[in-house]
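J.: Structure provided below as structure tokens; questions to follow.
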Amino acid sequence: MSAVLEATGLAKVYHGEDGGDIEVLSGLDLAVTRGEFVAITGASGVGKSTLLHCLGALDRPTRGIVRLDGTDIHQLPVEAQSALRNRRIGFVFQFHHLLREFSAVENVAMPLLIAGTSEREALARAERALMSLGLGARLTHRPSKLSGGEQQRVAVARAVVIEPSIILADEPSGNLDAHNAERLHELFATLGAQFGTAVVTVTHNPDLAGRAHRRLSMVDGLLIPADQPTGPPAD
């Protein structure tokens with residue numbers, strides 16, 4: 001099966017205040033197929049979020065290629081990159097970033113309205129997305145009237161409503177209690193089958209990572225299978 005998202009030789013180098021270079025990504029490769037759920041784990045500060053930002057065209061790699069549905073996204077003009085993010089990449093972050101003055105259905109419809117979809121169609125699609133995620137009774141509620149778990153599910157609905165090629169999630173359950181985290185993990189495990197989208201999440205949560213089809217660990221700027229030893233064997 002061909003890859004929906006493919007990163008080849010991806011590297012990211014930052015210039016430190018002392019004049020030295022800090023290499024966060026070291027020429028890593030990653031391929032994700034449609035419907036696949038990939039979890040990336042690793043210690044804090046190793047570059048997991050940096051990787052996600054490069055994959056989603058929120059940051060530019062120092063070198064390497066990222067292709068989404070065959071398109072080299074970092075060779076696109078800025079406006080074309082913005083259009084691609086809005087139409088083909090769904091983002092879910094640790095904090096939901098919902099607009100407080102708008103209802104749940106209005107929040108979910110927002111990316112469609114930005115893309116030029118009519119208000120009637122955008123709201124209808126947003127309603128269907130929310131209902132499919134068990135939030136049919138919360139359509140008109142503003143974020144302040146929703147629980148933390150409900151707010152994050154609204155954020156997931158906002159990501160899937162555009163029918164993206166891929167969803168990129170950064171610690172999606174990191175701000176939830178155990179009960180709401182469990183519900184969100186169950187949801188992530190079904191996104192590929194339910195919406196036909198690939199999912200890549202970076203997480204410290206072993207339960208979420210354990211539900212993925214494939215688990216990778218970031219070590220020294222590279223991705224390795226999560227169960228692969230990262231050091232020399234014990235004597």
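No value in this document is a laboratory result; all are computed from the given coordinates. Quick caveat, the model's predicted, so the values are computed rather than measured. Glycine gets a Cβ as well: all are built from the backbone with ideal geometry, and neighbour counts include every protein chain shown.
J.: Quick one: how many residues across region 1-28 are of a type outside the set (A, V, I, L, M), touching a residue at least 12 places away in the same chain (Cβ under 8 Å) and on the phi < 0 side of the Ramachandran plot?
T.: Adding up the residues that qualify gives 6.
J.: Moving on to the next point. Failed condition for Ala31, given (1) of a type in the set (Gly, Ala, Ser); (2) touching a residue at least 40 places away in the same chain (Cβ under 8 Å); (3) closer than 14 Å to Thr201 by Cα, with all others met?
T.: Condition (2) is where Ala31 drops out.
J.: Still on this model: Does any residue of region 91-109 turn out to be in contact with a strand residue (DSSP E or B) (Cβ under 9 Å, 6 or more places away or on another chain) and under 19 Å from Leu30 (Cβ atoms)?
T.: Scanning region 91-109 turns up at least one residue that is in contact with a strand residue (DSSP E or B) (Cβ under 9 Å, 6 or more places away or on another chain) and under 19 Å from Leu30 (Cβ atoms).
J.: Turning to a different aspect of this structure: Go through region 59-70 and give me each residue that's surrounded by 13 or more Cβ atoms within 10 Å (Cβ to Cβ) and either of a type in the set (Ser, Thr, Tyr) or under 18 Å from Val4 (Cα atoms) (or both).
T.: Thr62, Gly64, Ile65, Val66, Arg67, Leu68, Asp69
J.: Quickly run through region 139-148 and pick out the residues that are assigned to a helix (DSSP H, G or I) and either closer than 23 Å to Asn86 by Cβ or touching an Asp or Glu at 6+ places or on another chain (Cβ under 8 Å) (or both). Working first, answer last.
T.: Within region 139-148, the subset assigned to a helix (DSSP H, G or I) is 143-145, 148.
Once the filter is applied, which keeps residues that are assigned to a helix (DSSP H, G or I) and either closer than 23 Å to Asn86 by Cβ or touching an Asp or Glu at 6+ places or on another chain (Cβ under 8 Å) (or both), region 139-148 yields Pro143, Gly148.
J.: On to the next question. Here is a check on your reading of the model: is Leu112 over 20 Å from Leu187 (Cβ atoms), touching a helix residue (DSSP H, G or I) at 6+ places or on another chain (Cβ under 6 Å) and either of a type in the set (Gly, Ala, Ser) or part of a helix (DSSP H, G or I) (or both)?
T.: Taking the combined requirement at face value, the residue satisfies it.
J.: Checking the conditions here, which among Leu184, Leu191, Leu130 is aliphatic (A, V, I, L, M), farther than 30 Å from Ala31 by Cβ and part of a helix (DSSP H, G or I)? Explain how you work it out, then say what you get.
T.: Details: Leu184 fails: farther than 30 Å from Ala31 by Cβ; Leu191 fails: farther than 30 Å from Ala31 by Cβ.
Matching residue, one of Leu184, Leu191, Leu130: Leu130.
Residues checked against (1) assigned to a helix (DSSP H, G or I); (2) under 29 Å from Val24 (Cβ atoms):
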position: Gly116; (1), (2): no, no
position: Ala159; (1), (2): yes, yes
position: Gly174; (1), (2): no, yes
position: Ala209; (1), (2): yes, yes
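J.: Working only within region 198-207, note down all residues that are farther than 16 Å from Val32 by Cα and not in a helix (DSSP H, G or I).
T.: Hits for region 198-207 are Thr203, His204, Asn205.
J.: Looking for whichever is of a type in the set (Asp, Glu) and either in contact with a helix residue (DSSP H, G or I) (Cβ under 7 Å, 6 or more places away or on another chain) or under 15 Å from Ile167 (Cα atoms) (or both) here; the options are Glu127, Glu106. Which one fits?
T.: Only one candidate passes the filter, namely Glu127.
J.: For region 39-50, does any single residue satisfy the condition of being in a strand (DSSP E or B) and of a type outside the set (S, T, N, Q)?
T.: Taking every residue of region 39-50 in turn, at least one turns out to be in a strand (DSSP E or B) and of a type outside the set (S, T, N, Q).
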